[in-house]
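The values are calculated or read from the model by the stated rules, or taken from the named source; none is laboratory data. Bear in mind the structure is a predicted one, so any value in this text is a computation, not a measurement. Don't worry about glycine lacking a Cβ; one is built from the backbone with ideal geometry, like all the others, and counts go over all protein chains shown. The protein model used for the area step is the full one, side chains on, heavy atoms only, and it has no ligands, DNA or RNA in it. Shrake-Rupley method; radii C 1.70, N 1.55, O 1.52, S 1.80 Å.
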Amino acid sequence: MIKFFLMVNKQGQTRLSKYYEHVDINKRTLLETEVIKSCLSRSNEQCSFIEYKDFKLIYRQYAALFIVVGVNDTENEMAIYEFIHNFVEVLDEYFSRVSELDVSFFNTVFHGTWQMHSGPYQTRSCSVTQAGVQRCDHGSLHPGSPGLK
Amino acid sequence: MLNRKGRRWGADACVVGFSGGGVGAEFGDPLRERMVVPSLKLQDLIEEIRGAKTQAQEREVIQKECAHIRASFRDGDPVHRHRQLAKLLYVHMLGYPAHFGQMECLKLIASSRFTDKRVGYLGAMLLLDERHDAHLLITNSIKNDLSQGIQPVQGLALCTLSTMGSAEMCRDLAPEVEKLLLQPSPYVRKKAILTAVHMIRKVPELSSVFLPPCAQLLHERHHGILLGTITLITELCERSPAALRHFRKVVPQLVHILRTLVTMGYSTEHSISGVSDPFLQVQILRLLRILGRNHEESSETMNDLLAQVATNTDTSRNAGNAVLFETVLTIMDIRSAAGLRVLAVNILGRFLLNSDRNIRYVALTSLLRLVQSDHSAVQRHRPTVVECLRETDASLSRRALELSLALVNSSNVRAMMQELQAFLESCPPDLRADCASGILLAAERFAPTKRWHIDTILHVLTTAGTHVRDDAVANLTQLIGGAQELHAYSVRRLYNALAEDISQQPLVQVAAWCIGEYGDLLLAGNCEEIEPLQVDEEEVLALLEKVLQSHMSLPATRGYALTALMKLSTRLCGDNKAAILEKMPLVERDGPQADEEAKESKEAAQLSEAAPVPTEPQASQLLDLLDLLDGASGDVQHPPPLDPSPGGALIHLLDLPCVPPPPAPIPDLKVFEREGVQLNLSFIRPPENPALLLITVTATNFSEGDVTHFICQAAVPKSLQLQLQAPSGNTVPARGGLPITQLFRILNPNKAPLRLKLRLTYDHFHQSVQEIFEVNNLPVESWQ
């Protein structure tokens, strides 16, 4: 089960955070800094799974942005690893070459993409296609998007 | 209240009149119309925050904006409410409090515009949770939205419900969700299924509501719905054995779905790197695992399919490996055919050789799970596992260590131990303790010879002595004691190790014990197994004394060293140099023994805890030795009761006084009494050092209340030197409980008159007491 999903940049600034279990707001910043510290301290040759307290962290680095998913030990780590990439590919389609800037500015869109897989269960069937992008649109902030009302 | 341009806001009456929002409010007051300032867009706010150079600046920007947002909420402006809330959510994500937006979420959800609803639901997901009562207020809105039939709105509502729905909400809304499960549109059905999963987690009784539709949903072809259904069934099965039995019937259908997926040609819509919908495959495999566990029939149905998936999946990319990994896990968990299990282990072995570290990690984890049931199969991959020990990656080396320890058996123990010991020397500190205890355990179970065993333990103690568990010392001493033929060897090796390094406490303890026990063998000097070394009594004694004096030694270690000295006093009878004899004023029957006592009594006097003479029966009985061990190592603060034994050569020890009698005993002095708490001083002038005065301060308590946090400090005139040793404790229990003793050492080379000022602080009868006084009536013999 996915416990949390974070996008944090190398300087430790959180670009996106989604918690599936309630975590106090002051504990969140602490958690995020610790997580990014453990990810940054690893080199490229090391594996992408870190054991942190009672979670497992699965992380992937895209340029200056780290996407970190915290899971408990019933999850298939490699499937989550694939899922992270799937997520990024959907965003890429939507924004055409997504960058960290897009993440900062359109984070509410990103929250909209959660509707693709509501809840802590990863249910994304891997539509890295227009299907996924369309769903993004439903969640976007831009008024007058197609398919509304 | 000032707005951003510094103009004074309207009178309070205006604000009060328009709080609570409502469509008509914004057109009411002309005063207010003039004052309305366009609020920041979300983009602009983000720009501003990014422009802040320091944390303090950012906080300032955010606080200012939050004040505006709060004001805007108070005024109830419905047009821009969604924008304000969006900004608030952004700020919340950065870690700032945003609880005042909760009510706004409700208003936005209740609005009829989609833009409002969207932000409102998003806010509800992020800000509301079941610990606040406010969350129940959206139940009605959700109910309305669910029955409205507008798909995006239904989607939003379902999303929110599945994220933060509490038990009450779930119970109320279950009928609506059930209706949506069978709707034609896949977009809504998918979400409804996931909401059902969440509901079951919150309210397990709802399983009965959601169980019937599952069978029908499995026939769908839409991947999203399938995936959701499988998740739902998995959840149902995990929660109730009855559901598990019910769903065993669908195993053939699941097998069919998975087979279609695997054999289907390349389909762009759902494939990742050539693997069709790996997420769905993984989920089906997981469900099959749950259904096939401990069930012969289901397992048989799955066997062929699993073999097919295992052999046909393309493993050049991560997606394929993920599926393969899940397959292996399933094979291991169900009652699979033997051939299939071998296949699984081989796949894992192949993973281990893969250059991708992620794959090696999952392989090591799974092999660890397998090692209990398929030990011989995993053994074949032992060399590769040992290779992984050399990894620099902390996650990998930890897994490799656990697996290596599990793989040690009697045939490979020597080779494995070598590897593990090499690893112990270089491993990161957090793994040391596990590694050391693992090695010791394995050595205990599989040691081929005693000598090898002792060597191994010795090596561990020298390399990682501080990380071993407490019982390692006792185990080693028992082992050495039992290996008669190895006494000489052990004592020689331990002596050498101790001579090099006295900081590793367990090693020092064992070495001290050994030297005490077998000192005669050490001094005899010949041992076939290592090169002969001439060891003098003096060297041995000097070493033990060094241990006693060292600040690194724990009290337990000192106890061991003391015991060793005492044992040596009975076992050594070589000739001594005249200098040693000179120190002793009284020469009783046997010179050397008395000499040892004088030495050891000096040590005893110098230590704050006075260990009396624990007598021991003559050597060989192991049990007695162990008793002594427990007594000496256990608690030096509270010495074990004396056991006078009529044993042979030891009576003279009992006859000899423990402390050589002082020239004339100085009487004790009672210096303080208050409410049953007494302080006594007793004086000792050691004859070999006339300038030294040892004062033992004893605090006793005859009252009805305990004395706690007792601290005694002292001062003497400048010409004297005072040294306070640590007290034996700082609590004196009531009614004559164990007193506190503390030793003062006063050096008075000029024989100046002794004056002593004492300061006591303690808690008694729930009051803190402080007393400062000078000790009168100090006996003249204490300083003359």
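Per residue, the accessible area of the stretch B:251-346 comes to 38 Å², computed with a 1.4 Å probe over protein heavy atoms only.
Quantify how strongly other chains surround peptide B:155-162 by giving the mean number of their Cβ atoms within 10 Å of each of its Cβ atoms.
What the average comes to for B:155-162 is 4.
B:MET169: accessible area at probe 1.4 Å, nearest 10 Å²? Counting only protein heavy atoms, B:MET169 exposes about 0 Å² to solvent. Going Cα to Cα from B:LYS567, which lysines come in below 21 Å? Please leave out same-chain ones fewer than 8 positions away. Filter leaves B:LYS546, B:LYS577, B:LYS583, B:LYS599, B:LYS602.
For B:GLU781, the accessible area of its heavy atoms, probed at 1.4 Å with every protein chain present, is near 100 square angstrom. Contact order, relative form, for the stretch B:344-410: 32 percent (alpha carbon pairs under 8 Å, 6 or more residues apart, mean separation divided by residue count).
Put simply, the amide H of A:TYR62, placed in the peptide plane, has neighbours under 5 Å in A:ILE67, leaving out anything fewer than 5 places away on its chain.
Derived scalar couplings between HN and Hα for the stretch B:293-303 equal 4, 6, 9, 4, 4, 4, 4, 4, 4, 8, 3 Hz in order, rounded to whole Hz, by the Karplus curve 6.51 cos²θ - 1.76 cosθ + 1.60 (θ = phi - 60°), x for Gly and Pro. In the stretch B:662-784, taking the dipole from charged Cβ atoms about the Cα centre, the farthest positive-side position among B:PRO749, B:VAL707, B:SER768 is held by B:PRO749. Once a ≥ b ≥ c are taken as the square roots of the eigenvalues of the Cα gyration tensor of the stretch B:414-538, is the result rounded (a/c under 1.5), prolate (a/b larger than b/c) or oblate (a/b not larger than b/c)? In terms of gyration-tensor shape, prolate. Residues B:SER782, B:SER273, B:SER355, sorted by accessible area with the largest first, give B:SER355, B:SER273, B:SER782 [1.4 Å probe; ligands and nucleic acids excluded].
Restricting the trypsin sites (Lys or Arg not before Pro) of the stretch B:682-784 to loop positions (DSSP other than H, G, I, E, B) with no more than 16 neighbouring Cβ atoms within 10 Å leaves B:LYS718, B:ARG735, B:LYS751, B:ARG755. Among B:GLU205, B:GLU296, B:GLU326, the order of accessible area from largest down is B:GLU205, B:GLU296, B:GLU326, computed with a 1.4 Å probe on protein heavy atoms.
Chain A packed on chain B takes about 5400 Å² of accessible surface away from a 1.4 Å probe, both sides summed. Ligands, DNA and RNA aside, B:VAL697 has an accessible area near 10 Å² when probed at 1.4 Å. Each label was represented as a point 7 Å from its Cα along the Cα-to-Cβ direction; for B:THR311 and B:ALA338 these points are 1.9 nm apart. Between A:ARG15 and A:MET7, A:VAL8, A:ASN9, the built amide H atoms are under 5 Å apart, and every one of these is 5 or more places off in sequence or on another chain. Residue-wise HN-Hα couplings along the stretch B:199-216, as the Karplus relation 6.51 cos²θ - 1.76 cosθ + 1.60 with θ = phi - 60° gives them from phi, are 5, 5, 5, 7, 10, x, 5, 6, 3, 5, 6, 9, 6, x, x, 4, 4, 5 Hz; Gly and Pro carry x. Among the residues of the stretch B:395-417, those with an accessible-area drop of 10 Å² or more from chain alone to full protein complex, heavy atoms and 1.4 Å probe, are B:SER395, B:ARG398, B:ARG399. Using only alpha carbons, the stretch B:197-330 has a radius of gyration to Kirkwood radius ratio (Rg to Rh) of 0.97. Shown for the stretch B:298-410: the carbon plus sulfur share of the solvent-accessible area, taken with all protein chains present and a 1.4 angstrom probe, equals 46%.
Across B:TYR90, A:TYR94, the residue with the most accessible area heads the list, and the full order at a 1.4 Å probe is A:TYR94, B:TYR90.
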